[in-house]
Amino acid sequence: MDRELSKYNRKLVKRGEFYLSFDFIQHWKKELKEMNDSKRGSSYEFPHSFIEFSSFIKIVFNLPFRQLQGVCNRLSFYVPRLRSADYTTLWRRVRAIDYTISQQAEPENEDKNENKNEDKIIVAIDSTGMKVSNRGEWMREKWKKRRGWIKVHIAVDVNTKELLAIEITDERVGDSREFENLVSQLEHTLNKRKIKEVLADAAHDTKDNFNFLKRKGIQSGIRIRKNASTRS
């Protein structure tokens, strides 16, 4: 019974994993060579597989192309041999893909006016993991090899679901360490709009984060850990 329950739990966890395959990097040069053999004019610098990979990230996080370039830049820092394209190249190549990619809809004028009239907004901060490779837990335990997690830290407007800030790190960076960085990005993104409250899970429960929000005049919605000290 315990074994069946453990197997079921692993399946549920697996559903929550965000897996991005970087296998296309191994065939980068070969694919480019095939693409450019019959091409007239300037040569392709990025294979179709990379463009499809980038378009997937754009759709999942609903990113503008400039932010998409920033995400690719950060991924190239953590993933060996991955090159990043500028946003104009991404814009041109992604729009040329056969399947339709939904663009971020611009709000109507009335919605824009309503947003401007809102004094403060509520923001939610969280992170998700992306696996660089699909090697299993056995290899991690047996050979002490990291699986190659990449963490994506995001902040969104709770009401509009608009992505306001994003940061990419490796698995060794805790959620709480990126909290101040995300809030600082929020202040720049929101321009004159004010933040009323920041929501986050217990992984962001640190004295520094609470004090940071207090200095900013922002209400804290950080979940407190069960074993949190009452003397803090």
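Quick note: the coordinates plus some simple rules give every number you see, no bench work behind them. A quick note: this is a predicted structure, and the numbers were derived from the prediction, not measured. When we count neighbours, we look across all protein chains shown, and the Cβ atoms used for this are built from the backbone with ideal geometry, even at glycine.
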Query raised in the report: Going by how many other beta carbons lie within 10 Å of each one, how would you line up S176, S38, fewest first?
Result: S38, S176
Requested in this report: Rank by packing, highest mean first: peptides 39-49, 205-215, with packing defined as the count of other Cβ atoms within 10 Å averaged across residues.
Outcome: 205-215, 39-49
Report summary line: Length-normalised contact order of segment 155-232, Cα under 8 Å, at least 6 apart, in percent, tallies to 25
Requested in this report: At q = 0.23 Å⁻¹, what is the base-10 log of I(q)/I(0) for segment 14-95 according to the Debye formula with one equal point scatterer per Cα and no solvent? Please give it to two decimals.
Outcome: -1.20
